[in-house]
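Let me begin by presenting the structure, written as structure tokens, before commenting on it.
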Amino acid sequence: MRVVVKVGTHMLSEQNRLCKERMLALIEFLVSLMSSHEVILVSSAAIAAGYTRLKIDKKVLSNRQALAAIGQPYLIETYNKKLEKFGKMAGQILLTADDFDSRKRTFYAKSAVQTLINNGILPIINENDATATEEIIFGDNDQLSAHCAYYFDADLLIILSDIDGYYDKDPRAFADAKMYKIVQNINEEELLMPQVGGSEFATGGIVTKLKAADFLLKRGKSLFMASGFDLEDVKSFMIHGVHKGGTLFTCKGD
Ligand code: ADP
């Protein structure tokens, strides 16, 4: 079974630095998952990683692009250091939304991903921020990861976020919010909710996750959303086959 795992900026960074403890926990989980699954990682946080090295105004678009250019290799280097502990390494693939509009480019990217997987290497995908300007302003890797899951033939997309699932209302604003365990369809109203993100660097918020889920549900695929701060729920679901916490978006009946 092939899975795409997407991690958000908030999970990977803490007070303007990369959170190496959470990155190590993530890599530990991914390496254990790699023994039974084909795993592709979609990782955000290039801009946040760049900002650890150069303090320039993140609100300026060209600065954000420069920060991504500085941060992306630093991010991969950090991942590789963690992977080395387990005898593994990463392969970086940078994509833009346009790549999925071209069958030829999608095919080449998919072949590269396949070859990395065949060689036991963890493909780490991110947006090519220097050219994907629109994506930097409005975009997020939730959308990119949904495309990767669909076009690279994964069965499941796992989104690890700063929240442990999808609730009936924003759990940070409402103490009585209840988490959905299984969601089988998403209605228009939910897709039009105002965007609320959890951190200074986060660009997604819950709506982009719902859009990713909607995209996949319409194509017969599933999405599992769980906490990236505490990996117990995703480990339980993926490694022990027990759905304790986290939200599963699926079109298949339970
Ligand atoms: P990430 O950085 O992991 O991509 P974001 O911080 O952009 O994630 O988005 C997740 C945030 O969305 C949560 O921390 C929460 O504050 C907010 N949110 C708003 N409405 C909901 C909801 N109904 N269920 C879960 N989270 C919600």
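The values are calculated or read from the model by the stated rules, or taken from the named source; none is laboratory data. These numbers were taken from a predicted model, which means no experiment stands behind them. Here the Cβ is made from the backbone with ideal geometry for all residues, glycine too, and neighbour counts use every protein chain on show. In case anyone asks, the SASA skips ligands and DNA or RNA and just uses the protein heavy atoms, side chains included. Shrake-Rupley method; radii C 1.70, N 1.55, O 1.52, S 1.80 Å.
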Practice problem: Identify the residue in the range 2-19 that is crowded, with 24+ Cβ neighbours inside 10 Å and of a type in the set (S, T, N, Q) and, among all such residues, is farthest from the ligand (Cβ to nearest atom). | Solution: Ser13
Quiz item: Applying the selection to the range 1-46, what residues are in contact with a strand residue (DSSP E or B) (Cβ under 9 Å, 6 or more places away or on another chain), assigned to a loop (DSSP other than H, G, I, E, B) and of a type outside the set (Gly, Ala, Ser)?
Solution: Met1, Cys19, His37
Exercise. Evaluate the range 174-192: report whether one residue or more is under 16 Å from the mean Cα position of the chain (by Cα), more than 13 Å from the ligand (Cβ to nearest atom), open to solvent by 70 Å² or more (accessible area, probe 1.4 Å) and at pLDDT 95 or above.
Key: no
Practice problem: Looking only at the range 196-209, decide whether some residue is modelled with pLDDT under 90 and touching a Pro at 6+ places or on another chain (Cβ under 9 Å). | Solution: yes
Practice problem: Quick one: which residue in Ser111, Ser44 is closer than 20 Å to Thr208 by Cβ and open to solvent by 10 Å² or more (accessible area, probe 1.4 Å)? | Solution: Ser44
Exercise. State all residues of the range 2-44 that are over 16 Å from His147 (Cα atoms), of a type in the set (Val, Ile, Thr) and out of contact with any Leu (no Cβ under 7 Å at 6 or more places or on another chain); if no residue qualifies, say none.
Key: Thr9, Val31
Quiz prompt | Per-region count, the range 218-254, residues of a type in the set (A, V, I, L, M, F, W, C), open to solvent by 40 Å² or more (accessible area, probe 1.4 Å) and within 14 Å of Leu160 (Cα to Cα) | solution = 2
Quiz item: Can you name the residue in the range 35-69 that is of a type in the set (A, V, I, L, M, F, W, C) and in contact with a Phe, Trp or Tyr (Cβ under 9 Å, 6 or more places away or on another chain) and is also farthest from Asn80 (Cα to Cα) among such residues?
Solution: Leu67
Practice problem: Look at Leu54 and say whether it is at pLDDT 95 or above, of a type outside the set (Asp, Glu), open to solvent by 40 Å² or more (accessible area, probe 1.4 Å) and closer than 22 Å to Ile163 by Cβ. | Solution: no
Quiz prompt | In the range 1-23, the residues that are more than 19 Å from Gln72 (Cβ to Cβ) and touching a residue at least 60 places away in the same chain (Cβ under 8 Å) | solution = Met1, Arg2, Val3
Exercise. Please indicate, with yes or no, whether at least one residue in the range 72-90 is open to solvent by less than 40 Å² (accessible area, probe 1.4 Å), within 16 Å of the ligand (Cβ to nearest atom) and at pLDDT 95 or above.
Key: yes
Practice problem: Output yes when any residue across the range 123-144 is under 17 Å from the mean Cα position of the chain (by Cα), open to solvent by 70 Å² or more (accessible area, probe 1.4 Å) and under 28 Å from Phe229 (Cα atoms), and no when none is. | Solution: yes
